[in-house]
1. Cα gyration tensor of region 95-151, axes a ≥ b ≥ c as square roots of the eigenvalues: rounded (a/c below 1.5), prolate (a/b > b/c) or oblate?
2. Among 69, 13, 139, which one moves the most in a GNM of the chain with springs linking Cα atoms closer than 10 Å?
3. Where does helix 67-88 land angle-wise versus the long Cα axis of the chain, in degrees 0 to 90, nearest 10?
4. Please say if region 1-91 is rounded, prolate or oblate, where rounded means a/c under 1.5 for a ≥ b ≥ c the square roots of the C-alpha gyration tensor eigenvalues, and otherwise the choice is prolate for a/b larger than b/c and oblate otherwise?
5. For region 68-126, just say rounded, prolate or oblate: build the C-alpha gyration tensor, square-root its eigenvalues into a ≥ b ≥ c, call rounded for a/c under 1.5, and beyond that prolate if a/b exceeds b/c, oblate if not.
6. Taking the 0 to 90 degree range and rounding to the nearest ten, how far is the long axis of helix 143-155 tilted relative to the main principal axis of the chain, both from C-alpha atoms?
7. Compare 155, 143, 91 in a GNM of the chain, Cα atoms joined below 10 Å, and give the one with the largest fluctuation.
8. Go ahead and run the numbers for FRET between residue 104 and residue 171, Cβ-Cβ distance against an R0 of 30 Å, rounding to 0.05.
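Computed from the coordinates by the stated procedures, all read-outs in this text should not be read as laboratory data. Note that the structure is predicted; figures quoted are calculated from it, not measured. So basically every Cβ, Gly included, is an ideal-geometry build from the backbone, and we count neighbours across all protein chains shown.
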């Protein structure tokens, strides 16, 4: 794709996400350049033909999952991020809310006509990092992300935690996150909600303070 490579990054300071206004047909394009895979998703390079900004297109690599869960989890995480930022007094965390799009034609590779995919900004392939997981692991170096997960536990009065935090840390110190998970007492937050038995009791630090 002209002007977009795996080293490109979406400029969140200059361009809105999600884009404002009507989204025209075929605005987002991909030529299925593979970037990486996670537990449930394969990630490919994409492009916004209006702004020229780099995007990623994600497809499930396993059957039986719904993109609506990803959108909901991202929206909930962003609401907690806004409360966390207000608590700190500065913008520390932003969670990207993806868009659900459909392939309008068979473009080859893994994508099929009519397939639903997720589109979101490419926030940096090389700098992308996992800060904690949904089974108790966390990066001991990145204190801000541990603090954010702790905050969501306290803010929800112990009903849930936002975890599986991953993304990039920008030069100004702001964390841009994608694909979060929520572990909860109710276990109602999709396939990555491992519930209280798998996560909440194992990290006692979340229950202090």
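1. Working: a/c = 3.02, a/b = 2.72, b/c = 1.11.
Taking the square roots of the gyration eigenvalues as a ≥ b ≥ c, region 95-151 is prolate.
2. Looking only at 69, 13, 139, the biggest GNM fluctuation is shown by 13.
3. Around 50 degrees separate the two axes.
4. On the way: a/c = 1.79, a/b = 1.23, b/c = 1.45.
Oblate is the answer for region 1-91, as a/c is 1.5 or above yet b/c matches or exceeds a/b.
5. On the way: a/c = 4.98, a/b = 2.44, b/c = 2.04.
Prolate.
6. Roughly 70 degrees, rounded to the nearest 10.
7. Judging by the Gaussian network model, the answer is 143.
8. Details: r = 37 Å, r/R0 = 1.23.
After rounding, the FRET efficiency stands at 0.20.
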